[in-house]
Amino acid sequence: MTGQIFIENYEGKLNTNERYAKWKELGLYKNLSTIWMTPTRGVMGTRVAFSWMNVMGGFNQPLCRMCVEGYEVGHAYNEALKQILSSPQLSKFTYLLTVEEDNTPPPDGILKLYESIQQYDAVGGLYWTKGEGGAPMIWGDPKEPNTYIPQAPIKDTIQQCNGLGMGFTLFRMDMFKNPGFDFGRWFQTIGEIGKVMTQDLFFFQKAASLGYKFACDTRCKVGHFDAPNGVIW
């Protein structure tokens with residue numbers, strides 16, 4: 001081992017004006033109280049479970065996990081939200097984080113979303129539909145309202161869009177208190193002849209009409225676990 005002699009300033013690498021400004025930009029000093037909500041059929045993959053175990057929350061910030069089992073997915077979100085908004089404690093939380101039972105977020109995923117939501121009302125990590133022909137869940141270019149063609153991802157940026165999936169998505173809780181929504185019917189899966197819409201895009205279409213804005217944080221790369229084939233897309 002080579003010996004060393006230290007004569008230096010021991011104030012620390014993070015005690016700089018640049019770091020102070022970065023901390024403020026990240027917004028990690030704000031109230032980041034978050035409810036993690038997962039609709040489930042009751043079974044999840046081991047790799048998904050271990051991924052979740054490594055996800056970090058904000059420093060000294062409340063992170064409450066809620067599981068909703070046995071409902072159709074849109075109904076699951078509605079029932080959970082009704083319970084949250086009727087609770088004197090949970091209704092005061094700042095954010096709702098939706099995490100679906102087959103998604104594998106990175107350890108710093110929530111921290112990235114806290115940063116990127118500063119200019120938006122909902123932000124999601126980047127994940128793809130399953131399979132070789134999978135599409136990125138960045139639905140629609142805001143220059144063309146009410147369109148949901150998947151955008152080509154732009155590497156490591158905050159990419160505005162018309163809608164998102166809900167595999168790892170952070171919402172401002174106040175959105176669900178807006179009287180412009182039908183209370184208890186924020187999410188709805190439509191399978192009528194001539195009109196098909198998943199619960200996520202049903203919500204985002206309505207939210208956009210109320211003036212809310214959304215983006216995909218492509219820095220936050222989220223896997224999509226295909227259990228029968230043992231593949232994370």
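Rule-based calculations on the coordinates, nothing more; no lab input. Predicted model, so just to flag it, every value in this text is computed and none were measured. Please note: Cβ atoms are built from the backbone with ideal geometry, for glycine as well, and neighbour counts cover all protein chains shown.
Summed over qualifying helices (DSSP H, 4 residues or more, each -39500 (n - 2.57)) and divided by its residue number, the chain shows a 222 nm mean residue ellipticity of -6500 deg cm²/dmol.
For the range 115-233, taking the reciprocal of the average inverse distance between every pair of different Cα atoms yields a Kirkwood hydrodynamic radius of 14.9 Å.
Scattering from the C-alpha atoms of the range 1-69 alone, worked out with Debye: what is log10 I(q)/I(0) at q = 0.26, 0.28 1/Å? With one equal scatterer per Cα and no solvent, log10 I(q)/I(0) is -1.20, -1.26. The DSSP beta bridges internal to the range 17-232 are antiparallel in roughly 60% of cases. Simple rule: put +1 on each Lys or Arg Cβ and -1 on each Asp or Glu Cβ in the range 17-232, find the dipole, and look at F183, Y148, T46; the Cα lying farthest toward the positive end is F183.
Structure note, pairs K155/K195; K22/K155; K30/K206; K92/K155; K112/K206; K82/K130: Cα-Cα distances above 24 angstrom occur for K155/K195; K30/K206; K92/K155; K112/K206; K82/K130. Phi angles of the range 116-126 translate, via the Karplus equation with coefficients 6.51, -1.76, 1.60 and θ = phi - 60°, into HN-Hα couplings of 6, 7, 3, 9, 9, 9, 8, 9, x, x, 8 Hz per residue; Gly and Pro are given as x. The distance separating the Cα centre of the range 107-133 from that of the range 58-76 comes to 17 Å.
In the range 58-166, what trypsin sites (Lys or Arg not before Pro) fall in a loop by DSSP, with at most 12 other Cβ atoms inside 10 Å? The qualifying sites are K143, K155. Here the dipole of the chain is about 400 debye; that uses its Cα centre as origin and unit charges on the Cβ of Lys and Arg (positive) and Asp and Glu (negative).
Stretching the chain fully between D226 and R41 yields a gain of 65.1 nm (0.36 nm per residue, less the alpha carbon separation).
The ratio of the alpha-carbon radius of gyration of the chain to the globular-protein estimate 2.2 N^0.38 Å is 1.11. The amide H of W36, built 1.01 Å from its N in the peptide plane, has C64, R65, M66, L97 as neighbours under 5 Å, considering only residues 5 or more places off or on other chains. Largest GNM mean-square fluctuation among M44, M175, M197, using the chain with Cα springs under 10 Å: M197. Which of the aspartates and glutamates could a cross-linker bridge to K177, judged by Cα under 15 Å and excluding same-chain residues fewer than eight apart? K177 reaches E79, D121.
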